[in-house]
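The values are calculated or read from the model by the stated rules, or taken from the named source; none is laboratory data. Please read all numbers here as calculations on a predicted model, not as lab measurements. Cβ atoms come from the backbone with ideal geometry, glycine included; neighbour counts cover every protein chain shown. Side chains are part of the model used for accessible areas, which takes the heavy atoms of the whole protein and leaves out ligands, DNA and RNA. Shrake-Rupley method; radii C 1.70, N 1.55, O 1.52, S 1.80 Å.
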Amino acid sequence: MAQRGGFSNRLGFVLAAAGSAVGLGNIWKFPFEVGQGGGAAFVAMYLLFCFILAFPVMVTEIAIGRKTQLNPAGAYTALGYRKWRGLGVLGILCGTLILSYYNVVAGWAFGYFVEMILGNFDIGTRFGEFTRDITTVGGYAIVFMLFTIFIVSRGVSGGIEKAAKILMPTLIAMIIGLVIYAMTLPNAMKGIEFYLVPDFSEINLKTIRSALGQAFFSLSLGMGAIITYGSYVDKNENIVASAALITLADVGIAFLAGLMLFPFVFSQGLDTNGGAGLIFITLPGVFESLGGHLGVIIGGAFFLLLSFAALTSTVSLLEVPVSYAVDEHRVERKKAVLLVAVIVFIIGIPSLMANGYSKILTNFITYIGAESPTDFMTFVGHIANDTFLPVGGILITMFAAYVWKKENLNRELEAGYPNFKGSFAEKYVDLGIRIICPLVLSILVIMSVLETFFGVELF
Ligand code: PHE
């Protein structure tokens, strides 16, 4: 039987949704994307995309979720548009794909927690060796999946809420502490300059694609995670205010993570272009510099909290297909969790092997005109995060504006926000879903697909 819980109060929902949003995307992915995307120009684009293109999608997703109280596929049917079900299913598949590799990286984070506790600070210099060791990283991936299974099978409000309430603020405090420490190091200012002084000549279609994908990925949008969480929200909730709070928290934490990382990278003379290994290569040296026990404690705590942040995201990723199986196919919750988790793990095996273990998967594809090959895990990210999430954003805003219609969306948004009509927020969301999101997202997605996958040089 379907078992749906609710969040205990407003803060519960905001924290859980922020828990979904804040994760490896902010602390692992954002800094390395900034590093590869040329620094501050990427940061500027990312911020713009979050507020202009992603925010209206967030509002729409929460509204659809709350209105229908269903998973993404069931939601469209419940609104009376069965034909749109496919959009929900697409999101569910995309989430499954994202979780398959996200869990691998979450396993790395947890593995680093263990290494820090053991005082193995040289793990930063052995990152490649670490990810290549399939039994170790495979083991960590299994352990991490078990954590996720444990929480999701207990239902959405019990586990997630309690953990998020304590751990998120601790993580933020810790990052702020590290930002302050970072500022005291030699060459810190070079890092800040790279991060905050934009050189707009760095912008090209690839960086636009990555910044756009990063905005959607980091805010958990475009695939239905926020529809699913929205389905647990109370009618008195002000959706627009919650969406604003979640967006600000998520963007704020990503911003702090960058502020922490780049001074560290420059002070150690490392390469900003370190890719998926950037934080894993950089941070152990930082913790070592704190000295002995302090390094072990801070380093251990950091990777433990990072693992928790990842966990609140893997939980939301797993919850999407699970709520689909529970609502639509009447699968018992615990069974659904196990079934989906096993499938996700199997799909994730090639990503697990794509970081040094298998040569073919590590050098999976060389895009036309690219200098070096892209590994399978990154390739999955290009398809799922950078392409399908924005496509989900295009379709969901078009659905809300032209199929479900503004009056219905507005009615949902007014519940919990009586003055919504005539407000600036109404105009912002309306313009976003009717014109800006469908149009601008379509142009950006088409251009970046042409360039990335077909090598068409557009500019
Ligand atoms: N937003 C999460 C992060 O930044 C990842 C995620 C993407 C979670 C999509 C759910 C849906 O880590």
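Residue-by-condition table, conditions (1) closer than 17 Å to Met447 by Cα; (2) of a type in the set (D, E, K, R); (3) touching a residue at least 12 places away in the same chain (Cβ under 8 Å); (4) in contact with a strand residue (DSSP E or B) (Cβ under 7 Å, 6 or more places away or on another chain):
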site: Ala354; (1), (2), (3), (4): no, no, yes, no
site: Glu371; (1), (2), (3), (4): no, yes, no, no
site: Thr387; (1), (2), (3), (4): yes, no, yes, no
site: Pro390; (1), (2), (3), (4): yes, no, yes, no
site: Ile394; (1), (2), (3), (4): yes, no, yes, no
site: Glu412; (1), (2), (3), (4): no, yes, yes, no
Only one of Ala301, Ala341, Ala325 that is open to solvent by less than 20 Å² (accessible area, probe 1.4 Å) and within 21 Å of Ala163 (Cβ to Cβ): Ala341
Any hit, the range 277-286, residues being open to solvent by less than 10 Å² (accessible area, probe 1.4 Å), β-branched (Val, Ile, Thr), within 16 Å of the ligand (Cβ to nearest atom) and under 17 Å from Ala309 (Cβ atoms): yes
Filter result for the condition that a residue is open to solvent by less than 50 Å² (accessible area, probe 1.4 Å) and either farther than 22 Å from Ser210 by Cα or out of contact with any His (no Cβ under 8 Å at 6 or more places or on another chain) (or both), over Leu395, Leu389, Leu450, Leu431: Leu389
Hits in the range 230-241 (condition: open to solvent by less than 20 Å² (accessible area, probe 1.4 Å) and modelled with pLDDT under 95): Gly230, Ser231, Tyr232, Val233, Glu237
Helices (runs of 4 or more DSSP H) wholly inside the range 326-435 that include at least 2 residues being within 16 Å of the ligand (Cβ to nearest atom): 333-353, 376-383, 389-398
Matching residues, the range 398-424, being touching a Cys at 6+ places or on another chain (Cβ under 9 Å) and either open to solvent by 30 Å² or more (accessible area, probe 1.4 Å) or among the acidic types (Asp, Glu) (or both): Met398
Within the range 24-68, considering residues that are within 16 Å of the ligand (Cβ to nearest atom) and of a type in the set (Gly, Ala, Ser), the one farthest from Val403 (Cα to Cα): Gly25
Unmet criterion (only one of (1) at pLDDT 95 or above; (2) over 24 Å from Gly277 (Cα atoms); (3) surrounded by 16 or more Cβ atoms within 10 Å (Cβ to Cβ)) for Ile227: (1)
Selection count, the range 189-224, where residues are small (Gly, Ala, Ser), farther than 24 Å from Asp430 by Cβ and buried (at least 20 other Cβ atoms within 10 Å of the Cβ): 5
